[in-house]
1. Please list, in order along the range B:16-27, the HN-Hα scalar couplings obtained from phi with the Karplus expression 6.51 cos²θ - 1.76 cosθ + 1.60 (θ = phi - 60°), rounded to whole Hz, x for Gly and Pro.
2. Do any chymotrypsin sites (Phe, Trp or Tyr not before Pro) in the range B:59-146 lie in a DSSP loop with no more than 14 other beta carbon atoms within 10 Å, and if so, which?
3. Cα centroids of the range A:80-105 and the range B:13-32: how far apart, whole angstrom?
4. Please compute the contact order of chain A in relative form: average sequence separation of alpha-carbon pairs under 8 Å and at least six residues apart, divided by the residue count, as a percent.
5. For the protein assembly as shown, what is the calculated [θ] at 222 nm in deg cm²/dmol (nearest 500), taking -39500 (n - 2.57) for each run of four or more DSSP H residues and dividing by its residue count?
6. Using a cut-off of under 20 Å, list every residue of the range B:37-54 whose amide N is near the label point 7 Å from the Cα of B:ARG115 along the Cα-to-beta-carbon line.
7. So, R0 is 22 Å and r is the distance between the beta-carbons of B:LEU68 and A:ASP99; what FRET efficiency does that work out to, to 0.05?
8. Shape of the range B:95-157 from its Cα gyration tensor (a ≥ b ≥ c, root eigenvalues): rounded if a/c is under 1.5, otherwise prolate when a/b > b/c, or oblate?
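Please treat every number below as a calculation from the coordinates, not as lab data. Predicted model, so just to flag it, every value in this text is computed and none were measured. Cβ: placed from backbone, ideal geometry, glycine included. Neighbour counts: every protein chain shown.
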Amino acid sequence: MSPLVLDARVTLEQVLIVGAILFSIGLYIALTKRNAVGVLMGIELMLNAVNLTFLGFARFVESPRPIDGHVFAVFVITVAAAEAAVALALVVAIYRFRDTIDVDRINLLRW
Amino acid sequence: MVIAFWTLAALTLGSAVMIVLTRNLLHALLCLILSFVGMAGVFITLSADFVAVVQVLVYAGAIAVLMLFAIMLSPRSGRDNAANMLQLPALVLCGLFAAGVTFTVIETDWREASRGSFDTTAEAIGQALLSPFVLPFEIASVLLVVAMVGAIVLVREDS
């Protein structure tokens, strides 16, 4: 039987596929948005999808210490918070110097 | 549990798609918060109660408010949610990525455990953070301090 058939319980494959789709949407947002805050939204979605796969593996896969996936997810959330703080401070600083946060127009380092 | 999982997953994915489609950056931010909250619900269906609470606190609370401040501090004309020229290549790339991961997920044998759901996770996470993961835990605290100081230095007005 295919693992994708909707039987009585959630399986690891379904969780991983939801995570993959969410990661793809986040990647699309991060690649196509012109606003720097929009790009950051995509990155946060990608980190969120990775957390979902961590928790799915922790819940479903045989392991001597299954709680380690949760600890890893907590670390990912910590790093995401630090990264969001620094990135948004960069956005405000760039707006102060360049009067725009359009990432297509912040091309000072272009060769 | 299956109905709850699929409802919350559909909420999360639907609001993530709405971030792409909506024209206003503030509406995109509201969709992002909805996506984070739906993802916290998905975490609860995976019996990850502690991570779900942290998700609501940090993502839907702190990061969303930070983004709101960044949007409000940027010009009104910069609040559109327009896309750049990369739409078609990005769509192809993301479709290929999702298809590749889905294929791998279905084709791999994951050695699934018959163990049931966790009862509570907060106690076990706390003990894991303080015995095998002490060093990463301390490094994370240093990272948070450095990020906070860095953010303050970046936006400080030079007098």
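1. Karplus-based 3J(HN,Hα) across the range B:16-27 equals 5, 5, 5, 4, 5, 7, 6, 8, 10, 5, 5, 5 Hz.
2. none
3. If you average the Cα positions of each part, the centres end up 20 Å apart.
4. Reported as a whole number, the value is 23 percent.
5. Theoretical 222 nm ellipticity from helices: -23500 deg cm²/dmol.
6. B:43-52
7. 0.60
8. oblate
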